[in-house]
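**Student:** Mind having a look at this structure? Questions to follow.
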Amino acid sequence: MKKKATVLVSGGAGYIGSHTAVELIAAGYDVVIADNLSNSDRTAVEGVRAITGVDVPFVEVDCCDRAAFRKVFEAYDFDSVIHFAASKAVGESVRMPLEYYRNNLTSLMNVIDLMRESGRSNIVFSSSCTVYGEPEKQPVTERTPRKPATSPYGNTKQMCEDILRDSIAAYDGLKGIALRYFNPIGAHPSALIGEQPRGVPQNLVPYITQTAAGIRECLSVFGDDYPTPDGSCIRDYIDVVDLAKAHVAAIARMIEDRNAERYEIFNIGTGRGVSVLELVRRFEQVNGLKLRYKIAPRREGDIVAIWADPTRANEELGWHAERSLDETLAAAWAWERRVREA
Ligand code: NAD
Ligand code: WQD
């Protein structure tokens, strides 16, 4: 296959970044991974290499260390960056706000600055549906107003979107796309890469798979008295491989100059809301097992329901969520079993 271009993937040793590296390579791009391994390790890079058969370059570097990060910009010839590097735990961000503001804002500002200084053009930024807060109307479109953030983490995503928007307005050579991910879940079908939370998982699917594996005793379903059909919260769970492909589409759009505006925002979700109890049941059915779970009190800060209107991504990026929830939940379980066997 003819090589297309090289993409720098910051945070590429992480969950979404490693899956995106695989899809970029499958689509004919060269990839350079930069990561400080603060929430990951080299096994994900090894996984990317094993899946693709490509000896993907990996640089251990902190994006907040501008001098060190500049060396990556000097050493590799790329025109596009996908910036995943960030701290992402909502609860931790409440306890350690300064660490979150420093890491998430500084790393993005350094990326933009180094791109500007070295004449690089295209950036994709990892944003989140968290910027919508508790929406008044479902599904949410990109025009749905953002609500004041309910955590320092959520605030960093709003602030980073604004930093990117304003920088692109000010610097002619720069183009950018912010992808607002809904709830990424699942793993690569090879089970060579997947989500590996440190400590007790805060997110639903890793908690489910660890409960099924016997590492956690029992899943707590946070609330069954919400105003939803079964009383549990509703989210839009997006397969991580589908999500990875949205990044490839975003990069291609900018490289091929098909972007309508120099700064664009896309929701990346399935368009389907699924409740916690529905997800638990599907996980049990598709994997042929019983999960120990109990109804627990509501978790503070949870929103009742949110799902995406992905029409803009469908029409403009030519991207659609393809994998079924069952395939995704089977892949999540296959990954968990492989991690436990290793
Ligand atoms: P992750 O923690 O698995 O990956 C992030 C990677 O960035 C890690 O490998 C970490 O070591 C690295 N990193 C962090 N700070 C760094 C720094 N200063 N310099 C270099 N590397 C650094 O998380 P993920 O789930 O893959 O998330 C990727 C991005 O997507 C993040 O920006 C996150 O906020 C965003 N996002 C995630 C979700 C989700 O639910 N997973 C949802 C919406 C948005
Ligand atoms: C999903 C549902 C819980 C764990 C978070 C961030 C958001 C974005 C995605 C980055 C909720 C319920 C969970 C458990 C449960 N990340 N749950 N028992 O809260 O939608 O979003 O990740 O940008 O910013 O806030 O995801 O996986 O934590 O929860 O019942 O042990 O599962 O109450 O309804 P959430 P989640």
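**Student:** Quick one: which strands (runs of 3 or more DSSP E) sit completely within segment 154-266 and have at least 2 residues that are more than 9 Å from ligand 2 (Cβ to nearest atom)? I'd like the intermediate steps shown before the answer.
**Tutor:** Values: elements: 175-181, 183-185, 219-222, 237-239.
Ranges flagged: 175-181, 237-239.
**Student:** To continue, here is another question. Kindly establish whether residue 300 is more than 22 Å from the chain's Cα centre (by Cα) and either farther than 24 Å from residue 162 by Cα or not in a helix (DSSP H, G or I) (or both). Explain how you work it out, then say what you get.
**Tutor:** Values: more than 22 Å from the chain's Cα centre (by Cα): yes; either farther than 24 Å from residue 162 by Cα or not in a helix (DSSP H, G or I) (or both): yes.
Criteria met by residue 300.
**Student:** Can you pull out every residue in segment 322-342 that is open to solvent by 40 Å² or more (accessible area, probe 1.4 Å) and of a type outside the set (Asp, Glu)? Spell out the reasoning first.
**Tutor:** Taking segment 322-342 first, the residues open to solvent by 40 Å² or more (accessible area, probe 1.4 Å) are 322-324, 326-327, 337-338, 340-342.
Within segment 322-342, 323, 324, 337, 338, 340, 342 qualify.
**Student:** Looking only at segment 1-21, filter to residues that are surrounded by fewer than 24 Cβ atoms within 10 Å (Cβ to Cβ) and aliphatic (A, V, I, L, M); which one of those is farthest from ligand 1 (Cβ to nearest atom)?
**Tutor:** Ranking the qualifying residues of segment 1-21, first place goes to 1.
**Student:** To continue, here is another question. How many of the residues in segment 267-289 are open to solvent by 60 Å² or more (accessible area, probe 1.4 Å), touching a strand residue (DSSP E or B) at 6+ places or on another chain (Cβ under 9 Å) and part of a loop (DSSP other than H, G, I, E, B)?
**Tutor:** Just the residues of segment 267-289 that are open to solvent by 60 Å² or more (accessible area, probe 1.4 Å), to begin with: 272, 278, 281-282, 285, 288.
Next, only the ones that are touching a strand residue (DSSP E or B) at 6+ places or on another chain (Cβ under 9 Å) stay: 272, 278, 282.
Checking the rest, the ones that are also part of a loop (DSSP other than H, G, I, E, B) come to 272.
Summing the residues that are open to solvent by 60 Å² or more (accessible area, probe 1.4 Å), touching a strand residue (DSSP E or B) at 6+ places or on another chain (Cβ under 9 Å) and part of a loop (DSSP other than H, G, I, E, B) in segment 267-289 gives 1.
**Student:** Can you pull out the residues in segment 195-212 that are at positive phi and surrounded by 21 or more Cβ atoms within 10 Å (Cβ to Cβ)? Working first, answer last.
**Tutor:** Here is the first cut: in segment 195-212, the residues at positive phi are 199.
None; the set is empty.
**Student:** Looking for something on the phi > 0 side of the Ramachandran plot and open to solvent by 10 Å² or more (accessible area, probe 1.4 Å) - is there at least one such residue anywhere in segment 158-176? It would help to see each step written out before you state the result.
**Tutor:** Initially, segment 158-176 is screened for residues on the phi > 0 side of the Ramachandran plot, giving none.
No: zero hits.
**Student:** Every residue in segment 103-130 that is within 16 Å of ligand 2 (Cβ to nearest atom) and among the hydroxyl-bearing types (Ser, Thr, Tyr), please.
**Tutor:** First pass over segment 103-130, keeping only residues within 16 Å of ligand 2 (Cβ to nearest atom): 103-105, 107-108, 124-130.
Of everything in segment 103-130, those that are within 16 Å of ligand 2 (Cβ to nearest atom) and among the hydroxyl-bearing types (Ser, Thr, Tyr) turn out to be 107, 126, 127, 128, 130.
**Student:** Give the residues of segment 1-52 that are of a type in the set (Asp, Glu) and in contact (Cβ under 8 Å) with a residue 12 or more places away in the chain, sorted by residue number.
**Tutor:** To start, the set of residues in segment 1-52 that are of a type in the set (Asp, Glu) comprises 23, 30, 35, 41, 46.
Across segment 1-52, the qualifying residues are 23, 30, 35, 41.
**Student:** If you don't mind, there's one more thing I want to ask. Is it the case that residue 20 is polar (S, T, N, Q), part of a helix (DSSP H, G or I) and in contact with a helix residue (DSSP H, G or I) (Cβ under 7 Å, 6 or more places away or on another chain)?
**Tutor:** Details: polar (S, T, N, Q): yes; part of a helix (DSSP H, G or I): yes; in contact with a helix residue (DSSP H, G or I) (Cβ under 7 Å, 6 or more places away or on another chain): yes.
Taking the combined requirement at face value, the residue satisfies it.
**Student:** For residue 254, all conditions in the list (1) open to solvent by 40 Å² or more (accessible area, probe 1.4 Å); (2) of a type outside the set (D, E, K, R); (3) out of contact with any helix residue (DSSP H, G or I) (no Cβ under 9 Å at 6 or more places or on another chain) hold save one; what is the number of the exception?
**Tutor:** Every condition holds for residue 254 apart from (1).
**Student:** Six or more apart or on different chains, Cβ atoms under 9 Å: show the pairs whose first residue is in segment 174-201 and free of Cβ contacts under 8 Å to residues at least 40 places away in the same chain and whose second is part of a loop (DSSP other than H, G, I, E, B).
**Tutor:** Matching pairs, first to second residue: 197/39; 197/89; 197/203; 200/216; 201/195; 201/216.
**Student:** Which of the residues spanning segment 290-318 are more than 16 Å from ligand 1 (Cβ to nearest atom), surrounded by 13 or more Cβ atoms within 10 Å (Cβ to Cβ) and not small (Gly, Ala, Ser)? Working first, answer last.
**Tutor:** Let us first name the residues in segment 290-318 that are more than 16 Å from ligand 1 (Cβ to nearest atom), namely 290-298, 300, 304-305, 309, 311-312, 314-318.
Those left that are additionally surrounded by 13 or more Cβ atoms within 10 Å (Cβ to Cβ): 291, 293, 295-296, 298, 304-305, 309, 311-312, 314, 316-317.
Within segment 290-318, 291, 293, 295, 298, 304, 309, 311, 312, 314, 316, 317 qualify.
**Student:** Let me ask something else. The conditions are (1) under 23 Å from residue 246 (Cα atoms); (2) among the hydrophobic types (A, V, I, L, M, F, W, C); (3) touching a helix residue (DSSP H, G or I) at 6+ places or on another chain (Cβ under 6 Å), and residue 73 fails exactly one of them. Which is it?
**Tutor:** (1)
**Student:** Moving to a separate point now. Which of the residues that make up segment 64-102 are of a type in the set (Lys, Arg) and within 16 Å of ligand 2 (Cβ to nearest atom)? Walk me through it before giving the result.
**Tutor:** We begin by selecting, within segment 64-102, every residue of a type in the set (Lys, Arg); these are 66, 70-71, 88, 95, 102.
Listed by number, the residues that qualify are 88, 95.
The values are calculated or read from the model by the stated rules, or taken from the named source; none is laboratory data. Please read all numbers here as calculations on a predicted model, not as lab measurements. Positions of Cβ are generated from backbone atoms using ideal geometry, with glycine treated the same way; all protein chains shown enter the neighbour counts. The accessibility values were calculated without ligands, DNA or RNA, using every heavy atom of the protein model including side chains. Shrake-Rupley method; radii C 1.70, N 1.55, O 1.52, S 1.80 Å.
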